[in-house]
Amino acid sequence: MNILYGVNATGNGHISRSRITISELKKRGHNVTVLFSGRDVKDFFDLEEFKPYIIKKGFTFVFKNGKLNVLKTLLNIDLIQFVRDVFKIKKEYDVVVTDFEPISAYAARKLGIHCIGIGHQYSFLKKIPKSFKMKLASLFFLRFYTPINSTISSHFYHFNQPILSPFIEESLKNKDAVSVMKNTFLVYLAWEEKDQMISILNTIKSNQFIYYCSVDKEEQIDNVTLKPYSNKKFKEDLVACNGLTN
């Protein structure tokens, strides 16, 4: 089967989940072409296993102080380029899978190809407890941002709904023998200002922090270890750390 697999690259969660599902699809003999959007080309890392892949602009969310800046996000949208990218995709796929990625989803709608939405956000369409923001997301983002025909939803709990548990690599499930680094926390705060976060973490002297961020090489600032983005090393530290700061 020929599959177009769209991945929202604004954060690393969609990419991490897609590594697992795309790998399994390829093992089963499917031809998978991956489409990334939502991130500058220079900011991608560790994409070798995704080949063949293409990178498009898509929609990039703009954040300020850890919060979505709606106005700047809207001003950053290039609708003309988005439409061009949608129309460049030809009807050469049997199915489209989207992990919250809009170009692949709209291309599927245009071409009349079945589109499957996979990921945590699609659990918002099920009968689960939802905050007001989650309800808004289910009304707008999941119906207009990525129009889909069916879903494969995931969540931390199933709520007696057809919802899968979070996707975890097999290699991470067999780490019982790893020594835990006491009082050491892994920092996953992709949208925060780096310098501001370092200043805050430096005040918590009783703990050590491992902070993956936009640096070229490993660096120590008091009780904070800065590390460049790495899929493999991040997950190794995730298993070994005493906790997670998110």
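The values are calculated or read from the model by the stated rules, or taken from the named source; none is laboratory data. In this text the structure is predicted, and so the values were computed from the model without any measurement. Here the Cβ positions follow ideal geometry from the backbone for every residue, glycine too, while neighbour counts run over all protein chains shown.
Within region 71-88, does at least one residue satisfy the condition of being of a type in the set (Val, Ile, Thr), under 19 Å from the mean Cα position of the chain (by Cα), surrounded by fewer than 22 Cβ atoms within 10 Å (Cβ to Cβ) and farther than 28 Å from His158 by Cβ? First the steps, then the outcome.
Kept after step one, since they are of a type in the set (Val, Ile, Thr), are these residues of region 71-88: 73, 77, 80, 83, 86.
Then keep just the ones that are under 19 Å from the mean Cα position of the chain (by Cα); that gives 73.
Imposing the further condition that a residue be surrounded by fewer than 22 Cβ atoms within 10 Å (Cβ to Cβ) reduces the set to 73.
This time we only want the ones that are farther than 28 Å from His158 by Cβ, so: 73.
Taking every residue of region 71-88 in turn, at least one turns out to be of a type in the set (Val, Ile, Thr), under 19 Å from the mean Cα position of the chain (by Cα), surrounded by fewer than 22 Cβ atoms within 10 Å (Cβ to Cβ) and farther than 28 Å from His158 by Cβ.
Looking only at region 213-242, which residues are over 30 Å from Phe50 (Cβ atoms) and either outside the structural domain of Met181 (by TED's automatic domain parsing) or not hydrophobic (A, V, I, L, M, F, W, C) (or both)? Step through it out loud before you land on a result.
So in region 213-242, the residues over 30 Å from Phe50 (Cβ atoms) come out as 220-224, 242.
Gln220, Asp222, Asn223, Asn242, listed by residue number.
Which one of Ile163, Ile210, Ile198 is of a type in the set (Val, Ile, Thr), surrounded by 15 or more Cβ atoms within 10 Å (Cβ to Cβ) and under 29 Å from Glu48 (Cβ atoms)?
Working: Ile163 fails: under 29 Å from Glu48 (Cβ atoms); Ile198 fails: under 29 Å from Glu48 (Cβ atoms).
Only one candidate qualifies: Ile210.
Tally the residues that are of a type in the set (Phe, Trp, Tyr) and closer than 21 Å to Val96 by Cβ, restricting the search to region 137-174. Break it down into steps so the answer makes sense when it comes.
Looking only at region 137-174, we keep the residues that are of a type in the set (Phe, Trp, Tyr), and these are 140-141, 144-145, 156-157, 159, 167.
Imposing the further condition that a residue be closer than 21 Å to Val96 by Cβ reduces the set to 140-141, 144-145, 167.
Residues that pass the stated criteria total 5.
State all residues of region 118-129 that are surrounded by 15 or more Cβ atoms within 10 Å (Cβ to Cβ) and not in a strand (DSSP E or B); if no residue qualifies, say none. Give the steps one after another, and end with the answer.
In the first step, residues of region 118-129 are kept if they are surrounded by 15 or more Cβ atoms within 10 Å (Cβ to Cβ); the result is 118-126, 128.
Hits for region 118-129 are His120, Gln121, Tyr122, Ser123, Phe124, Leu125, Lys126, Ile128.
So is Thr225 touching a strand residue (DSSP E or B) at 6+ places or on another chain (Cβ under 9 Å) and in contact (Cβ under 8 Å) with a residue 24 or more places away in the chain or not?
On the way: touching a strand residue (DSSP E or B) at 6+ places or on another chain (Cβ under 9 Å): yes; in contact (Cβ under 8 Å) with a residue 24 or more places away in the chain: no.
Judged against the criteria, Thr225 is not a match.
Which condition from (1) part of a helix (DSSP H, G or I); (2) surrounded by 12 or more Cβ atoms within 10 Å (Cβ to Cβ); (3) in contact with a helix residue (DSSP H, G or I) (Cβ under 8 Å, 6 or more places away or on another chain) is the one that Lys135 breaks?
Single failed check for Lys135: (2).
Yes or no: Thr21 touching a residue at least 60 places away in the same chain (Cβ under 8 Å), within 15 Å of the chain's Cα centre (by Cα) and surrounded by 11 or more Cβ atoms within 10 Å (Cβ to Cβ)? Break it down into steps so the answer makes sense when it comes.
Values: touching a residue at least 60 places away in the same chain (Cβ under 8 Å): yes; within 15 Å of the chain's Cα centre (by Cα): yes; surrounded by 11 or more Cβ atoms within 10 Å (Cβ to Cβ): yes.
Taking the combined requirement at face value, the residue satisfies it.
So Val215 ticks every box in (1) touching a helix residue (DSSP H, G or I) at 6+ places or on another chain (Cβ under 9 Å); (2) in contact (Cβ under 8 Å) with a residue 60 or more places away in the chain but one. Which box is left unticked?
Every condition holds for Val215 apart from (2).
Within region 48-66, does at least one residue satisfy the condition of being acidic (Asp, Glu), in contact (Cβ under 8 Å) with a residue 24 or more places away in the chain, within 18 Å of Pro147 (Cβ to Cβ) and not assigned by TED's automatic domain parsing to the domain that holds Glu192? Before you say what the answer is, go through the steps one by one.
Of all residues in region 48-66, those acidic (Asp, Glu) come to 48-49.
Okay, now just the ones that are also in contact (Cβ under 8 Å) with a residue 24 or more places away in the chain, so 49.
Subset that is within 18 Å of Pro147 (Cβ to Cβ): none.
No, region 48-66 contains no residue that is acidic (Asp, Glu), in contact (Cβ under 8 Å) with a residue 24 or more places away in the chain, within 18 Å of Pro147 (Cβ to Cβ) and not assigned by TED's automatic domain parsing to the domain that holds Glu192.
Restricting attention to helices (runs of 4 or more DSSP H) lying wholly within region 1-117, give those where 1 or more residues are modelled with pLDDT of 90 or more and over 30 Å from Lys194 (Cα atoms). First the steps, then the outcome.
On the way: elements: 13-27, 70-75, 79-88, 102-111.
Qualifying helices (runs of 4 or more DSSP H): 13-27, 79-88, 102-111.
Would you check if there is a residue in region 141-157 being loosely packed, with under 14 Cβ neighbours inside 10 Å, farther than 23 Å from Arg17 by Cα and small (Gly, Ala, Ser)?
no
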